[in-house]
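Take a look at the structure set out below.
The values are calculated or read from the model by the stated rules, or taken from the named source; none is laboratory data. Everything numeric in this text was worked out from a predicted model, so none of it was measured. Positions of Cβ are backbone-derived with ideal geometry, glycine not excepted, and every protein chain shown enters the neighbour counts. Ligands, DNA and RNA are stripped out before the accessible areas are found, and what is left, the full protein with its side chains, is counted by its heavy atoms. Shrake-Rupley method; radii C 1.70, N 1.55, O 1.52, S 1.80 Å.
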Amino acid sequence: MKRISEYKVILGSASEGRREVFKKFFKDFTTMPSYIDEEREAEKLGDYKNNPIILTMFLSYKKNLEIRSRLATSDKFILITFDTVVVHQGEIKFKPKNKEIARTWFYSYRNDFQEIVTSYALYVSDIDVTVNDFDISVVYLKNIPDEEIERYIQQNPVEAWSGGIAIERTENFFEIVEGVVDSIIGAPMKKIIDQLNLLIS
């Protein structure tokens, strides 16, 4: 019976939050970010780019293909890539281009619900199989005072996070209505580990 420890595990992301999540599940792994142009790739979807599930599944898969094209290894490997967006009142929120946009978003999130849509592409090299799946979480942003929101925005690189949200740094802001923290951070590990156990056996 094969075991995950026989594989080189690659996190196809530069996300600090995902690295911390991976540390809880994998003793050893390496990171290798993708260099796709997400906006250009999304345009290939036409109107489907407005569907957060289709969009994130497509981008996580394209990231996986791009990293694989640069890999030079004879080792068996597992490559997992991700894409996450925040959806608020039907609008997809990518990474804010600046802190002013993040500020506007956070004020609009207050006393309201947000969906966190994370998709992933999981590739196992020796069986040449890719699994593409998604997970949806729902959070509620409480009535946080302006000064707390301002402090968060000024002290954090909000431009690096989808929707400007890093729940691991704002846990007191949010109530998790549906889902788990790992998935909200951007790595739905329960689904991933369950699928790995099916693929590697």
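Just want to confirm a number: the relative contact order over the chain, from Cα pairs under 8 angstrom separated by 6+ residues, in percent.
23
For Cα Rg over 2.2 N^0.38 Å, the listed values are [x] 1.04; [y] 1.39; [z] 1.18; which was obtained by calculation from the structure presented?
[x]
Work out, in µm²/s and without decimals, the Stokes-Einstein translational diffusion coefficient of the range 50-91 at 10 °C, 1.306 mPa s, Rh from Kirkwood over C-alpha pairs.
133
With a point put 7 Å past each Cα toward its Cβ, work out how far Thr31 is from Arg169 in nm, to one decimal.
Output for this residue pair reads 1.4 nm.
To the nearest 10 degrees, how steeply does helix 99-109 sit against the main Cα axis of the chain, on a 0 to 90 scale?
For helix 99-109, the angle is close to 80 degrees.
Restricting the calculation to Cα positions, tell me the Rg (one decimal) and the Dmax (whole number) of the range 55-138 in Å.
16.4, 52
Per the 1.4 Å probe, what fraction of the accessible area of the range 48-194, in percent, lies on carbon and sulfur atoms?
50
Rounded to the nearest 0.05, what FRET efficiency is calculated for Glu39 and Ile101 with R0 set to 22 Å and r the Cβ-Cβ distance?
It comes out at approximately 0.90.
How much area per residue is accessible in the range 1-95 when the probe is 1.4 Å and only protein heavy atoms are counted (Å²)?
57
Here is the link list: Lys62/Lys95; Lys23/Lys93; Lys95/Lys142; Lys99/Lys142; Lys27/Lys93; Lys24/Lys191. Which ones come out longer than 25 Å on Cα distance?
Lys23/Lys93; Lys27/Lys93
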